[in-house]
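Before I ask anything, let me first share the structure, which is written out below as structure tokens.
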Amino acid sequence: MATKVGNPVQSDFAAQLREWIEAFDDVVVADGPEQGAELLTALKQRAREAGISQQSELTTPYVNTIPKHEEVAYPGDRKLERRIEALIRWNAMAMVHGQNKRDHGIGGHIATYSSLATLLEVGFNHFFHATYGNQPGDFVYFQGHASPGIYARAFLLGRLDEQRILNFRHELRDTPGLSSYPHPWLMPDFWRFPTVSMGIGPLNAVYQARFMRYLENRGLIEKTPRKIWAFVGDGETDEVDTLGALSLGRREKLDNLIFVVNCNLQRLDGPVRGNARIIDELEAVFLGAGWNVIKVIWGSDWDELFERDHTGLLLKRMEECVDGEYQAFKAKGGAYIRQEFFGKYPELLKLVEHMSDDEVFHLHRGGHDARKIYNAYKQAVEHKGGPTVILAKTVKGYGLGSTQARNASHQEKKVADEALVDFVRRYDLPIPEADARAGKLYRPPQDSPEMVYMQGRRQELGGYMPRRDVPKIDFKAPKLETFGEWTGGSKGRAVSTTMGFVSILRALMKDPKIGKLIVPIVPDEGRTFGLESAIKQVGIYASEGQKYKPHDVDMLLSYREEKDGQILEEGITEAGAMASFTAAGTGYSNYLVPTIPFYMYYSMFGFQRVGDMMWAFADARGKGFLMAGTAGRTTMTGEGLQHQDGHSHLLMSVIPTCLSYDPAFVYELAVILQNGLKRMYEDGEDVFYYITMYNEDYAMPEMPRGVEEGIVRGIYKLKAAASGKAVAQLFGSGPILNEVLRAQEILAEKYSAETDVWSVTSYNELRREALGVERWNRLHPTEAEKTPYIVSALAKAKGPVIAATDYMKAVPDQLAPWLTTRLVTLGTDGFGRSDNREHLRRHFEVNAESVVAATLSKLARDGKFDAKKAQKAMADLGVDTERGDPAHM
Ligand SMILES: Cc1ncc(C[n+]2csc(CCOP(=O)(O)OP(=O)(O)O)c2C)c(N)n1
Ligand SMILES: [Mg+2]
């Protein structure tokens, strides 16, 4: 039955309700907000006991989390800081504007930094430590598009000179330039973290925070109060990477992690959530993931309005408006705000009747109010037991006049001359009008109060930031002789390269010098790679140890979690594991500890899922080994189309600092690993390794003499023709090398065609070397020509080259320019299938029979073998010449 208004039962209840609220108010007023909170908690508990279920609240009122009465006073000199901020804003704007005037279309961004400036300045002046003892200090992941502001600050501090600023986005000039965005590769003593591909920064920051704890718990670094700050765009939160690892922050209690989301309500095209409020949405997401959420929505000037509003209408009005409206308010000015925002309720109009339109327009958002920001940062830094996110409401293009809060403001690169003059006037900068119009840089004398203050703050906090340090690493790679167990062959026992790798890894972890530095990483594929023994040996890292007795505790290889465990078992997240790989692969610089990551994963789910992160890893000058297991389109049996990788080598070839190898034998693997350790950690090269491993078992031969250089450079002759007179050259890699060796026998026995067999460990490296040599030859036509390694290796080799691989034909084809018409490639183009190796290799035409057929066919084309015999051989070998092309099946 519907209850009518005025119903006595209803009005009784209304009176009761009023009494309850009054009683609650009394408690809050008399005993303070903490008591109020306690009362609520007790009531909730009571309700639960009475069986009354309540949905937990994930969105709280649209006000600042920290009430005014809890705020502490601002410790800085706001007058000077305001001036410094204005100077940075000016120079950032002048830099981008000026460069686009000089070089139309060179690009750059003004609006992002304009919204972020105060959030960063409070950090730079009061929070970001450059060092902690002898360890580097806080890590800050900057929004990539805000880099002009970071450069402008460094310019004021005298870290970058004027010429350098004038070379913004001019990196290829006579004097050094500034990279568009944070790129350690391009500015190795400045930027630490590449962030500009949206989502990668926040994801890496979460795992960086966890890795810091891992190093602390393993005793590799001291515990410090160091923080990891990630500045994130509100639009950027749409990337799955940005929010995908939040639960790790909570699970691992990462109170060294602070996200600051710059909620300027806009992304590139327009509003982030025109029809809703991004802050509400993010609050729910972060609260749900267990983060400490601090909303910084309104500036101090709103506090007074809130205090005078006894109707509750101000909050009501705020909660009625969506972000599309909030954006319009800041684009359209004070009169518009008065009419559209306050004008809805006469009471609210009255609240601002004493204010001018200009004053109404300049009512601040929290992210532009240093005091509000300071208080939020302070609480974030002091918060214990979990990560904090600060949701700061800002205005995109803040202070840029007509560019502010426009949909197009992200792309704005030039500012109208009048706006420049306006800016100088508004911020009272001592820049003559003509210089303002010309967008000239301005730096006050170093002994001016603002410069002295700015330098003083940084000195107090340990020095300049951002800054990237690369200490000299004292590291000696183990000599190849120590790998004797693996270069000696398996003595007839059938093993896979994966098994060989795991046993090398276990031995490396036992090494008294470098063992501790090894960081094995695995995304729930440990058993796939046979890591059980390693798990027992060094344990899985678990920040809380092992709180349970595992069911298999009595077994030899039980599941072992340890507070100082060495293995990072990430669960099913290739992206998360790659973020750990990034943290560990840059440990040599970020923690002054040269950790050596070995990230083992399903090769197919490697680059395809996380290619962008691998690219950023290279940018960050990461070192380490990507160990791509269950590789090959025909070697991984049964799993089919989504699992069988026949292309990752091609994908990895695109990363300039990635050396990729496709070894067939464990001794090759040992040589590559030893060489990698030496190059990366002893010689200090900023490269990393991609190595495919397979799960096919076969007897591993002993390493022949004198092949080490060939293994590293990419090719060596494995088995010469018995007679020494080969008519063709056979190339093989990975397990397909065995097919090639079998083809060599068939060719000799059945067709009297003697061949040489070569093991090609890296087509990518051979091509790179050849390109380098060719470039030199091109640029030095008067000098004696140099010879690429692949050409000199084959100098005496006769006949065509038949290359067979478990990867796409494009992998060996990379050598075509140096092998001209000699090269015939067999590879695994096309979708995979579920079947066994025999059928897969026949299907993709990479089995021994196909290699034989291809060799005879090529010899026939070259006039060295009878064509009819070649055709008949195909029938004899069971090669179906009329079936469809597997590349298109
Ligand atoms: C992965 C990725 N996709 C697209 C872009 C192009 N892009 C650069 S900035 C931007 C908008 C950023 O918006 P937001 O995160 O809200 O940052 P704001 O500039 O508003 O602070 C886009 C789409 C990119 N850098 N990275
Ligand atoms: Mg934005």
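Over the stretch 1-132, what lengths in whole Å, largest first, do the semi-axes of the equivalent ellipsoid take, defined as the square roots of 5 times the eigenvalues of the alpha-carbon gyration tensor?
Working: eigenvalues 556, 97, 47 Å².
Ellipsoid semi-axes (Å, largest first): 53, 22, 15.
Then there's this: For all pairs of alpha-carbon atoms in the stretch 99-210, what percent lies in each bin of width 10 Å, listed from the first bin to the last filled one?
Result, from short to long distances: 13, 43, 35, 9, 1 percent.
Next up: On full extension of the chain, what length is gained from D876 through C321, given 0.36 nm per residue of separation minus the C-alpha to C-alpha distance? Present the calculation step by step, with values, prior to reporting the outcome.
Working: separation 555, 0.36 × 555 = 199.80 nm, distance 7.89 nm.
In short, 191.9 nm is gained.
Hey, another quick one. For the stretch 539-636, what class follows from the C-alpha gyration tensor (a ≥ b ≥ c being the square roots of its eigenvalues): rounded when a/c is under 1.5, otherwise prolate if a/b is larger than b/c, else oblate? Could you put the intermediate results ahead of the total?
On the way: a/c = 2.50, a/b = 1.32, b/c = 1.90.
Since a/c reaches 1.5 but b/c is at least a/b, the shape of the stretch 539-636 is classed as oblate.
Using a cut-off of under 17 Å, list every residue of the stretch 315-332 whose amide N is near the label point 7 Å from the Cα of D357 along the Cα-to-beta-carbon line.
Those under the cut-off are 328-332.
Viscosity 1.002 mPa s, temperature 20 °C: Stokes-Einstein D of the chain from its Kirkwood Cα radius, in µm² per second?
Details: Rh = 31.2 Å.
My calculation gives 69 µm²/s for D.
While we're looking at this one, here's another question. Express the accessible area of the stretch 179-283 per residue in Å², computed with a 1.4 Å probe while the remaining protein chains stay in the model. Mind dumping the intermediate values first?
Values: 3170 Å² over 105 residues.
Per-residue accessible area for the stretch 179-283 comes out at 30 Å².
Ignoring ligands, DNA and RNA, what accessible area per residue does the stretch 296-382 give at 1.4 Å, in Å²?
Working: 3690 Å² over 87 residues.
For the stretch 296-382, the per-residue accessible area is 42 Å².
I'd like the trypsin sites (Lys or Arg not before Pro) in the stretch 642-708 restricted to DSSP loop residues with at most 10 other Cβ atoms within 10 Å, sorted by number.
Sparse-neighbourhood loop trypsin sites (Lys or Arg not before Pro): R705.
Here's another thing I want to ask about it. Probe radius 1.4 Å, ligands and nucleic acids ignored: give me the carbon and sulfur share of the accessible area of the chain as a rounded percent. Walk me through the numbers before you get to the answer.
Working: 19530 of 37680 Å².
With neighbouring chains kept in place, the figure for the chain is 52 percent.
With a cut-off of 8 Å between alpha carbons and a minimum separation of six or more residues, what is the relative contact order of the chain in percent?
Working: 1653 pairs, mean separation 97.2, N = 889.
Averaging sequence separation for qualifying contacts and normalising by length gives 11 percent for the chain.
Using the beta-carbon distance between S448 and A130 and R0 = 30 Å, what value does 1/(1 + (r/R0)^6) give for FRET efficiency, to the nearest 0.05?
Details: r = 23 Å, r/R0 = 0.76.
Between S448 and A130 the formula returns 0.85.
Does a label point 7 Å from the Cα of S402, set along Cα-to-beta-carbon, have any residues of the stretch 319-333 with amide nitrogen under 20 Å, and which are they?
328-333
Which of the lysines could a cross-linker span from K796 if the Cα-Cα distance has to be under 20 Å and same-chain partners fewer than 8 positions apart are dropped?
Result set, ordered by chain and number: K717, K719, K725, K786, K858, K864.
For the stretch 157-219, which trypsin sites (Lys or Arg not before Pro) are in a loop by DSSP, counting at most 10 other Cβ atoms within 10 Å?
Answer in residue order: R173.
Restricting to the chain, what percent of DSSP beta bridges are antiparallel, rounded to 5?
Values: 11 of 67 bridges.
The answer is about 15 percent antiparallel.
Next question. For the stretch 829-877 and the stretch 276-295, write down the distance between their C-alpha centroids in whole Å.
Taking the Cα centre of each part, the stretch 829-877 and the stretch 276-295 sit 60 Å apart.
May I ask you to give the average projected area over all directions of the convex hull of the Cα atoms of the stretch 741-889, in nm² rounded to one decimal?
On the way: hull surface 40.8 nm².
Over every viewing direction, the Cα hull of the stretch 741-889 projects on average to 10.2 nm².
Also, I was wondering about something else. Could you estimate the translational diffusion coefficient of the stretch 404-543 from the Stokes-Einstein equation, with Rh from the Kirkwood formula over C-alpha pairs, at 25 °C and 0.890 mPa s, in whole µm²/s?
Details: Rh = 22.5 Å.
Answer, rounded: 109 µm²/s.
Can I ask one more? Return the Rg/Rh value of the stretch 299-362, two decimal places, where both radii are evaluated on C-alpha atoms and Rh is the Kirkwood radius. Walk me through the numbers before you get to the answer.
On the way: Rg = 10.9 Å, Rh = 11.8 Å.
Taking Rh as the inverse mean 1/r over Cα pairs, Rg/Rh reads 0.92.
A follow-up question, please. Using Cα positions and a limit of under 23 Å, work out the lysines in reach of K623, with same-chain residues fewer than 8 apart set aside.
Cα-Cα hits under 23 Å: K472, K476, K479, K510, K513, K516, K678.
Hey, another quick one. Hey, with R₀ at 45 Å, roughly what FRET efficiency would W20 and K350 work out to, going by the Cβ-Cβ distance, to 0.05? Could you put the intermediate results ahead of the total?
Numbers: r = 31 Å, r/R0 = 0.68.
With a Förster radius of 45 Å, E is 0.90.
Find the accessible area per residue for the stretch 129-178; the probe is 1.4 Å, ligands and nucleic acids are left out, and the unit is Å². Mind dumping the intermediate values first?
Numbers: 1790 Å² over 50 residues.
The answer is 36 Å² per residue.
Something else now. How much length is gained if the chain between K491 and A335 is pulled fully straight, taking 0.36 nm per residue apart and subtracting their Cα-Cα distance, in nm to one decimal?
On the way: separation 156, 0.36 × 156 = 56.16 nm, distance 8.70 nm.
Between K491 and A335, full extension yields an extra 47.5 nm.
Let me understand the stretch 699-816 better: what is its radius of gyration from the alpha carbons, and its Dmax, in angstrom?
Over the stretch 699-816's Cα set, Rg and Dmax evaluate to 15.2, 51 Å.
Continuing with this model, one more query. So what is the 222 nm mean residue ellipticity for the chain from helices alone, if each DSSP H run of at least 4 adds -39500 (n - 2.57) and you divide by all residues, rounding to the nearest 500 deg cm²/dmol?
Details: 37 runs with 378 residues, N = 889.
Value at 222 nm, helices only, nearest 500: -12500 deg cm²/dmol.
What is the extension gain from V421 to D474, computed as 0.36 nm multiplied by their sequence separation minus the C-alpha to C-alpha distance, in nm to one decimal? Mind dumping the intermediate values first?
Numbers: separation 53, 0.36 × 53 = 19.08 nm, distance 5.47 nm.
My answer for the length gained is 13.6 nm.
I need the calculated FRET efficiency for the pair A37 and W185, taking r as the beta carbon distance and R₀ as 35 Å, to the nearest 0.05.
On the way: r = 50 Å, r/R0 = 1.41.
Efficiency, rounded to the nearest 0.05: 0.10.
With a cut-off of at most 12 other beta carbons within 10 Å, and DSSP calling the residue loop, which GluC sites (Glu not before Pro) in the stretch 34-125 qualify? Please list them.
Working: sites: E34, E38, E49, E57, E70, E71, E81, E85, E121; in loops: E57, E71.
Passing both the DSSP loop test and the Cβ count: E57.
Evaluate the stretch 302-415: find the radius of gyration of its Cα atoms, find its Kirkwood radius, and give the ratio Rg to Rh.
1.02
Could you tell me the accessible area of H383 in Å² (1.4 Å probe, neighbours in place), rounded to the nearest ten?
Here the residue's solvent-accessible area equals roughly 60 Å².
Here's another thing I want to ask about it. Taking a cut-off of 27 Å between Cα atoms, list the lysines near K344, but don't count ones fewer than 8 places away on the same chain.
K68, K295, K316, K330, K332, K393, K396
The values are calculated or read from the model by the stated rules, or taken from the named source; none is laboratory data. The structure presented is a predicted model; accordingly, all values stated were derived computationally and were not measured. Don't worry about glycine lacking a Cβ; one is built from the backbone with ideal geometry, like all the others, and counts go over all protein chains shown. Surface areas here come from the heavy atoms of the whole protein model, side chains and all, with no ligands, DNA or RNA. Shrake-Rupley method; radii C 1.70, N 1.55, O 1.52, S 1.80 Å.
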